[in-house]
Every structure is written in structure tokens, then in C-alpha cells.
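Nothing in this text is a laboratory measurement; each read-out follows from the coordinates by a stated rule. Just so you know, these numbers come straight off a predicted model, no measurement behind them. With ideal geometry, Cβ positions are generated from the backbone for all residues, glycine too; neighbour counts draw on all protein chains shown.
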Amino acid sequence: MSSRIERALVTGASAGIGEQFARQLARRGVALTLVARRAERLEELAGQLDADVEVLPADLTEPGDLDRVEARLRAEDQPVDLLVNNAGFGSYGALAELDVEPQARMVELNVTALLRLSHAAVGAQLARGRGGVINVGSTAGFQPDPHAATYGATKSFVRSFTEALAEELRGTPVRVMLLAPGFTATEFQDVADIEPGVLPRLAQMTPEPVVAAALRDFARGRTVSVPGTANTLMQLGADVVPSSVSRRISGLVHRRFAGTS
């Protein structure tokens, strides 16, 4: 990690990929601002890290909390050089059978919060002449996702938005990268109500190598990081296979996650 990255703000830092970003950045000597809803989990994590850690509890679907995190990204005192937009969740099932409120909240977190925080970070970083953003998307963003229609659409937004923003910032001292992991063994599966055993072990990664690959690719200046050979092949396939085919395959997979036959 470049010595120019002195402080990183990580959202969704209390578990999974976000927690691993915190741990691996701390080992690289980066100071941290950790954001998540669960203050006690953040405090516990902060106590385990050999780093300067600021704990900032926030629910990014609450306008007041989101405003506070935006303000922190714009602050000139202890400025944030790297934003890791990791907070997000998903759910599976036929849209007509799902409660619409969690679907709308998913869009607020996965899309609106990510957009607003990226805007705050990039503006402040350009003014200071350094910085970067890593937006955590998913391989679900590479094709339509029946039975995860809202989640897949939010991750498609993250992919398109991040790649477009990276191009806008070409030639500036601020870099933006999309991290698009595949199935990763985290609390995401519990939140999404995916039954244990549905995902084959060979199809899953753990957060440690996902984050290690992301930080390596960010240091190399890449715009898109897809950790794992299987996930890379999936991405390449999605780029060449017609959506009429990819959406059928995706639908068959996600029907299993939703517990339907």
C-alpha cells in the first residue's frame, strides 16, 4: 500500500470483507475510520488492530447517519485517502413474493449511499491532490439476476458507475476501482437467508484472499478486480454470452438460493 494512503474509511467494517479490509490495511500501517451499524462489533475490532482506529457507528440508510459519514469524508482534519465502499446486502426470491421495503432499503444502501460517499470522497481527494476509492460490487453485476433482481441490479449499477467514474478520473491523482468478488463465505449468506449447503465449497472464496487480491490490484492501478480464476472466467463469459442465455443460467442458480425448485 502506498505511503500516500495514510487513512482509509471502510464501510460495512464489522464483518466479512469489510473486516478483512480493516485488518489488512492496519497491517500495512494505514490508519482507519470504521463504519457499520453495530458499534460494539466495531469497538471489538478496533481493540484487536495495531493501528490508529476511529469508530464511526452509522446506518447508511438513515439520512442523518449518511450525512455524518459524508462530512467525515470531506473533513480536512485526519483526511481520508482511501474510501472502501463495502456496506451492502442482498436477498433472494421472486420479486412479487418479497416485501418491497427491504428491496427499497437495499437500493438505498447498495446504490444511493455508495454514490453519495463516492461523491464526497472524490471531491475532497481531488482538492487535496491524492486518494482513491474501492467500490465493492459483485460478479452478480455482470448479468441479469432473476430471483435476485434487485440485488443484481444494484451491483450492475456499482459496476457501471465505478468504471465510468474511473474513466472520468483518468489522468488525475485519484483512482477508483471496482472489486467484484464471487461467492464469499461471510455473514451475507445469513442476511440473505441462503440455506447452508446450497453453495458448493469449491464455488466459494474466503474474505482474506478476496481482500488481498483487491489491495494488490489497486496498488497496480487496475480499474476492475475479480478475485479467483472461476470468477474471472465467469466475468469473461458474461461479456460474450447473450443475456438471453446468461439470465436463464443465473435464474437457475438463484432459484436454489431462494429455496425454490
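Between Asp239 and Leu115, the distance separating the two model label sites (each 7 Å from Cα on the Cα→Cβ line) works out to 2.7 nm.
Extending 7 Å from the Cα toward the beta-carbon at both Ala39 and Arg105 defines two label points whose distance is 1.9 nm.
Model label sites at Leu95 and Ala127, defined 7 Å from Cα along the beta-carbon direction, differ in position by 3.9 nm.
Highest average first, the peptides 12-24, 76-88, 103-115 ordered by how many other beta carbon atoms sit within 10 Å of their residues are 12-24, 76-88, 103-115.
The simple Förster model, with R0 at 35 Å and r as the Cβ-Cβ distance, assigns Gln204 and Glu62 a FRET efficiency of 0.65.
Sorting the segments 166-172, 209-215 by their residues' average number of neighbouring beta-carbon atoms within 10 angstrom, most packed first, yields 209-215, 166-172.
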